[in-house]
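Colleague: Pasting in a structure now, in structure tokens, and then I'll have a few things to ask.
The values are calculated or read from the model by the stated rules, or taken from the named source; none is laboratory data. Computed from a predicted structure; not experimentally measured. Positions of Cβ are backbone-derived with ideal geometry, glycine not excepted, and every protein chain shown enters the neighbour counts.
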Amino acid sequence: MARLMRSRTTSISLLLALAAGRAAGAQPDFSSRHYSIGLSRTAPAFTAFTLDSLGHGDVTANPVLAEGGTNLAALFAAKTSGRFVYRMLNAGASASPVWEVECTEDKLSLRSRFGGSTNLPPFRLAFNQKSRHATLLGLMQPGERRMALPCVLHLPDMGSARITCNVPGAKLDYDARRFVSPAFVSIAFPPATPKHPLVEYDLEVTAIYPDLAGIEKDPRFDGFRRSFLNIFQVNPRLQMLANNASSDIVPFTVFEYSEVALRAPPLAKGLTCLDLVRMTLDRYLAGTKGYGQPGYGKVTEGADIVPWTTPYTSADTYPSLLIAACNYIVGAKDWKWAKTNYTRLADWAREMMETDRDGNGLIEYAASGNYGDRPTAGRRPSNWWDTINFGHEDAYANALAYRACLLFAKVTSELGHKEDSALYLGKAQRLRAAYVPAFLNPETGILAGWRSADGTLHDYWFTFVNGVAIAYGLVDDNDARRIMDNLVRKMAQVGYTNFNLGLPGNLVPVHKGDYAFHNTPPEVHGVPRLEDGSDGFQFYENGGATGCFAYFTVKALYQIGRVQEARRIFNPILRSYAAGEFQGFGPNGLSKDWRDWSGGCHGYEGFLVDSYLALLAVYDEVNAK
């Protein structure tokens, strides 16, 4: 009878605990102006976790996943002012807690104590990725889904928490998936062990951004200060920087990470954003393939990816990798790494420039880019804009190749490889001499997107192509001013003024014969069914508005002294950064990273790191006369 009573008492306690756990989700257990948390009553886990690294008190949104089950090994047992305790199931009130949570204004501590049990549960934190594309930023070993400490938990558009541990060499379990329901990013804090009977993790809420004069008290720059790290997302299943924590690794975007990493302050003691770039480059140097390289998708390591089935490497892959490597070397002053990897870096440079098959100075892509020769049946176009028929001589990829040659020439000179330095400086000069004559369209007065193998220019008023060419110095100042005059005038003519959405990649419809085929409706992928492309216009890459690559257009305007025109575009983008308008999903279930010109959502990723490169234009704004 006594045994039955104990059993009933335990069951009632569990039911009460479960009910308390359900109720706990309604109100935070602790809230300050920097963060807010809720705690499960049935397991060591967060039911709510929200940051505001600027301390403005914006801590109401909760991106934490509801508990998908219960772990009754330990129960929430006590609460005092800012201190919470978990004890093992059926443990008495005098028993040592297995987990303690202690909260102050901008710091949260998790402590685990070993009390003899060998089955202590970890402390868990799982985010609904559809609500917030959380990531851990730190170093990982190949094939291991564990993040070394110290590291940073970053919640885009909310802020960051620097995580440290009293145990040297400690690591967090880290995972993310997108092709499951619900999509998630999960973190587990391992408990104490006999070897380490007291383990303490400190999470310090912080805003990590460059120290620029005049931005601290100006609300225009709140998005810059809170979200400077948004471009960095580590995929835990591939242990590399990626489109987001559960998305593809993409070598032709690594140069973007490196440009931001050059300016980033340290993430934690002994950890920088340049370290994340090096970790990613090391994997590519070791032979890992990413989207844009043949073979990507054959080995997935359990990651949710989209394979690259094209038989040739995208034209912007090697330029991007080479720019990133040079930026890392110079920024980190890691000449030892440069010497160790020089042979492979030189291979990238050689493979990049060997695609200049006709010897005119411009690199070329194997696909023709001819009108009607659309990249169907497993083939993709030549660059990041992978639903537009960029091919043969690609103006965007050649701009990156020019910058890569210049940077590599400087690095090879520092390493004492004078012949290689002269070789790549010469290739840069030859490419620049050929660039404007090859791509300037006399009919529009701007640079076309590509010249196809049949000699035709394909010009859809690409904003990013003209921006990157000017920003990277491929165009003389007088030509640059004329080009930007024409581009800004055209933008006004077509009626694009909604700059808070970013910029369209192209200002007129891409015709059907120059757009890749997809078995999706035009409102998702901009697929034109009419020959003039008008039915797909403003959707996705066919003129959709996005933060992606808006940086180059804004940068070009600042660079040629058109400060007011630059601000007219950039200030609304800054406001959208502060409001978190480039991530998440709209009422139609499609994502905000691509919009029509009225603001309707037409993306699918939910978060693209490329949207945040334009944060670098804050430097131009601060330095503008």
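Colleague: Can you pull out every residue in segment 516-558 that is assigned to a helix (DSSP H, G or I), among the charged types (D, E, K, R) and out of contact with any Pro (no Cβ under 8 Å at 6 or more places or on another chain)? Even if it seems obvious, please write down each step before you answer.
Modeller: Taking segment 516-558 and keeping what is assigned to a helix (DSSP H, G or I), we get 522-525, 534-536, 550-558.
With the extra rule that they be among the charged types (D, E, K, R), the set shrinks to 523, 535, 555.
The answer is Glu523, Lys555.
Colleague: State which residue is surrounded by the fewest Cβ atoms within 10 Å (Cβ to Cβ) when the search covers only segment 453-479 and only residues that are of a type in the set (Ser, Thr, Tyr) and out of contact with any Phe, Trp or Tyr (no Cβ under 7 Å at 6 or more places or on another chain).
Modeller: Residues of segment 453-479 that are of a type in the set (Ser, Thr, Tyr), as a first pass: 456, 460, 463, 472.
Among the residues that remain, those that are also out of contact with any Phe, Trp or Tyr (no Cβ under 7 Å at 6 or more places or on another chain) are: 460, 463.
Values: Tyr460: 23, Thr463: 27.
Across segment 453-479, the extreme among qualifying residues is Tyr460.
Colleague: Going by the structure shown, is Phe582 in contact (Cβ under 8 Å) with a residue 24 or more places away in the chain, under 26 Å from Ala471 (Cβ atoms) and crowded, with 24+ Cβ neighbours inside 10 Å?
Modeller: The answer is yes for Phe582.
Colleague: Could you say whether any residue in segment 258-270 is part of a helix (DSSP H, G or I), polar (S, T, N, Q) and within 21 Å of Arg350 (Cβ to Cβ)?
Modeller: Within segment 258-270, one or more residues are part of a helix (DSSP H, G or I), polar (S, T, N, Q) and within 21 Å of Arg350 (Cβ to Cβ).
Colleague: Output the number of residues of segment 580-611 satisfying the condition of being modelled with pLDDT of 95 or more, out of contact with any Gly (no Cβ under 7 Å at 6 or more places or on another chain) and of a type in the set (Ser, Thr, Tyr).
Modeller: Of the residues in segment 580-611, 1 are modelled with pLDDT of 95 or more, out of contact with any Gly (no Cβ under 7 Å at 6 or more places or on another chain) and of a type in the set (Ser, Thr, Tyr).
Colleague: Only one of these is buried (at least 19 other Cβ atoms within 10 Å of the Cβ), touching a Lys or Arg at 6+ places or on another chain (Cβ under 7 Å) and of a type in the set (Gly, Ala, Ser): Ala325, Ala303, Ala264. Name it.
Modeller: Ala303
Colleague: Another one. Please determine, by comparing only the residues of segment 497-515 that are more than 17 Å from Asp593 (Cα to Cα) and either part of a loop (DSSP other than H, G, I, E, B) or among the basic types (Lys, Arg) (or both), which one is modelled with the lowest pLDDT.
Modeller: Lys512
Colleague: Pick out, from segment 83-201, the strands (runs of 3 or more DSSP E) lying fully within it that include 3 or more residues that are closer than 30 Å to Phe224 by Cβ.
Modeller: Correct list: 107-113, 123-128, 135-137, 151-155, 159-165, 171-177, 184-189.
Colleague: Within segment 246-257, restricting attention to residues that are over 27 Å from Val205 (Cβ atoms) and not β-branched (Val, Ile, Thr), which residue is surrounded by the most Cβ atoms within 10 Å (Cβ to Cβ)?
Modeller: Pro251
Each row is one residue, and each column tells you yes or no for (1) out of contact with any Leu (no Cβ under 7 Å at 6 or more places or on another chain); (2) assigned to a loop (DSSP other than H, G, I, E, B).
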| site | (1), (2) |
| --- | --- |
| Trp348 | no, no |
| Glu351 | yes, no |
| Gly361 | no, yes |
| Ser368 | yes, yes |
| Trp384 | yes, yes |
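Colleague: When you go through (1) outside the structural domain of Thr412 (by TED's automatic domain parsing); (2) over 23 Å from Leu139 (Cβ atoms); (3) aliphatic (A, V, I, L, M) one by one for Ala346, which number turns out not to apply?
Modeller: Of everything listed in (1) outside the structural domain of Thr412 (by TED's automatic domain parsing); (2) over 23 Å from Leu139 (Cβ atoms); (3) aliphatic (A, V, I, L, M), Ala346 misses just condition (1).
Colleague: Within segment 559-599, restricting attention to residues that are part of a helix (DSSP H, G or I) and of a type in the set (S, T, N, Q), which residue is farthest from Gly223 (Cα to Cα)?
Modeller: Step one: list which residues in segment 559-599 are part of a helix (DSSP H, G or I), which gives 559, 563-579.
Subset that is of a type in the set (S, T, N, Q): 559, 564, 571, 576.
Working: Gln559: 23, Gln564: 21, Asn571: 11, Ser576: 8 Å.
The qualifying residue farthest from Gly223 (Cα to Cα) is Gln559.
Colleague: Restricting the first residue to segment 162-184 and requiring it to be touching a residue at least 60 places away in the same chain (Cβ under 8 Å) and β-branched (Val, Ile, Thr), which pairs with a second residue that is assigned to a strand (DSSP E or B) and surrounded by fewer than 19 Cβ atoms within 10 Å (Cβ to Cβ) meet a Cβ separation below 6 Å and a spacing of at least six or different chains?
Modeller: Partner pairs satisfying both residue conditions: Thr164/Asp202.
Colleague: Same structure again: Can you tell me which residues in segment 187-219 are under 24 Å from Ile249 (Cα atoms) and surrounded by fewer than 20 Cβ atoms within 10 Å (Cβ to Cβ)?
Modeller: Result: Ala188, single match.
Colleague: For segment 439-472, what are the residues that are under 30 Å from the mean Cα position of the chain (by Cα), touching a residue at least 24 places away in the same chain (Cβ under 8 Å) and part of a loop (DSSP other than H, G, I, E, B)?
Modeller: Ala448, Gly449, Tyr460, Trp461, Tyr472
Yes or no, residue by residue, for (1) hydrophobic (A, V, I, L, M, F, W, C); (2) over 19 Å from Phe607 (Cα atoms):
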| residue | (1), (2) |
| --- | --- |
| Phe228 | yes, no |
| Thr253 | no, no |
| Met279 | yes, yes |
| Gly290 | no, no |
| Thr310 | no, yes |
